[in-house]
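Notes follow the structure.
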Amino acid sequence: MRSVRPGVVLLDLNMPHVSGLDILAAMREDAQLRHLPVIVLTGTTDPEVKLQALSAGAMDFLSKPVDPSELALRIRNTLAASAYRIFLAQHDPLTGLANKALFLQDIGPVMDAARSGRHSGALLHIGIDRLGPINDALGRFVGDQLVQRFAKRLMHCVETELNGELGAGGFSPTLYRLDGDEFAVIVPYVEAREPFAAFISRLMEAASFGFARGGRDLFVTASMGIAVFPQDAREAPELSTNAGLALRQAKEAGRNGYEFFSSRFNETAAKRLATGADLRGAFGRDEIVLLYQSVVE
């Protein structure tokens, strides 16, 4: 099951050498297998055994002898429920976009393909500017509508690149919603510089639009951070961190623009972190001394 992942497991409870309950218990201890849907086949009428199987994670029961038509319907329904559950686990409920879990699953193979193909790709982190104040002023419902509109505009941009010049190794640019106001786009191939630059321009244009709600006219903008792989990072966590640092730099530079990752961003972030840790330690060791000049009228 680990080497060839099944869509559904038909499991008899009574077998020689090992019982179905033992196999269920082993599956639930395995991170790769614990969420596989299991239909139990059993000739027993003992409710205690059925309860044990349900507690161990079985989704459905079929009594032996099994009717082929009923088996086909149970398998179809189980697979449909499983597919829907997987979709919910891998997609953002507000925008319908692939979520952070799917992003973390997808980024590794794209980076591997870039290494084996000896070409570069890029990770774009895109953040909506000032979404927090909009939520505070107009309410979360309006903020959610803005996020949905923003996602649709970005998605239209990304979909135009399907099987285009920015794809490689069977991968095309893909959009994800990471969380809150932040989105990501994986671009598998950026060696074609002009198409890549044009794609960034189109994304920035799509991310800037008027939005009227609650009697107010808003103009929405976004900032973007760009990290190129494998030059900026060889592993997915580092790449994501570096794209996030570039995004923060773009916001600090005035928003409504983009920044490519630079090692100096890392150095600045590390210096801030070290300074904060030094200050906390200094307070703990009573090493802070207040120096002041008296002011007398």
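The values are calculated or read from the model by the stated rules, or taken from the named source; none is laboratory data. Nothing here was measured: the structure is a model prediction, and the numbers come from that model. Reconstructed Cβ throughout: ideal geometry from the backbone, glycine too, with neighbour counts over all protein chains shown. In case anyone asks, the SASA skips ligands and DNA or RNA and just uses the protein heavy atoms, side chains included. Shrake-Rupley method; radii C 1.70, N 1.55, O 1.52, S 1.80 Å.
Scan segment 53-69 and give yes if some residue there is touching a helix residue (DSSP H, G or I) at 6+ places or on another chain (Cβ under 6 Å) and among the acidic types (Asp, Glu), otherwise no. Yes, because at least one residue in segment 53-69 is touching a helix residue (DSSP H, G or I) at 6+ places or on another chain (Cβ under 6 Å) and among the acidic types (Asp, Glu).
To keep it simple, each residue is scored yes or no on (1) touching a His at 6+ places or on another chain (Cβ under 8 Å); (2) under 30 Å from VAL185 (Cβ atoms); (3) not hydrophobic (A, V, I, L, M, F, W, C).
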residue	(1), (2), (3)
ASP30	no, no, yes
LEU33	no, no, no
VAL40	no, no, no
ASP46	no, no, yes
ALA89	no, yes, no
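Residues in segment 195-242 that are charged (D, E, K, R) and surrounded by 11 or more Cβ atoms within 10 Å (Cβ to Cβ) were compared, and the one that is farthest from VAL142 (Cα to Cα) is ARG234. With respect to the conditions (1) surrounded by 15 or more Cβ atoms within 10 Å (Cβ to Cβ); (2) in a helix (DSSP H, G or I); (3) over 29 Å from the mean Cα position of the chain (by Cα), LEU41 falls short on a single one, namely (2). Going through (1) more than 22 Å from the chain's Cα centre (by Cα); (2) touching a residue at least 40 places away in the same chain (Cβ under 8 Å); (3) assigned to a strand (DSSP E or B) one by one, PHE219 falls short only on (2).
Taking segment 162-189 as the range and being touching a helix residue (DSSP H, G or I) at 6+ places or on another chain (Cβ under 8 Å), surrounded by fewer than 23 Cβ atoms within 10 Å (Cβ to Cβ) and part of a loop (DSSP other than H, G, I, E, B) as the test, the residues that pass are GLY164, GLU165, GLY169, GLY170, GLY180, ASP181.
Matching residues to (1) within 21 Å of the chain's Cα centre (by Cα); (2) of a type in the set (Phe, Trp, Tyr):
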residue	(1), (2)
GLY127	yes, no
GLN145	yes, no
ILE186	yes, no
TYR189	yes, yes
ALA207	yes, no
ARG213	no, no
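What are the residues in segment 53-82 that are of a type in the set (Lys, Arg), part of a helix (DSSP H, G or I) and closer than 23 Å to LEU21 by Cβ, if any? Answer for segment 53-82, where residues must be of a type in the set (Lys, Arg), part of a helix (DSSP H, G or I) and closer than 23 Å to LEU21 by Cβ: just ARG74. Evaluating SER262 against the criteria (1) under 30 Å from LEU138 (Cα atoms); (2) at pLDDT below 85; (3) of a type in the set (Gly, Ala, Ser); (4) surrounded by 11 or more Cβ atoms within 10 Å (Cβ to Cβ) leaves one unmet condition, (1). Let me confirm something: among ASP46, ASP30, ASP22, ASP12, which residue is of a type in the set (Asp, Glu) and open to solvent by less than 30 Å² (accessible area, probe 1.4 Å)? Result of the check over ASP46, ASP30, ASP22, ASP12: ASP30. For MET155, the conditions (1) touching a strand residue (DSSP E or B) at 6+ places or on another chain (Cβ under 6 Å); (2) assigned to a helix (DSSP H, G or I); (3) open to solvent by less than 50 Å² (accessible area, probe 1.4 Å) are fulfilled apart from (3). Within segment 112-133, the only residue that satisfies the criterion of being buried (at least 21 other Cβ atoms within 10 Å of the Cβ) and part of a helix (DSSP H, G or I) is ALA114.
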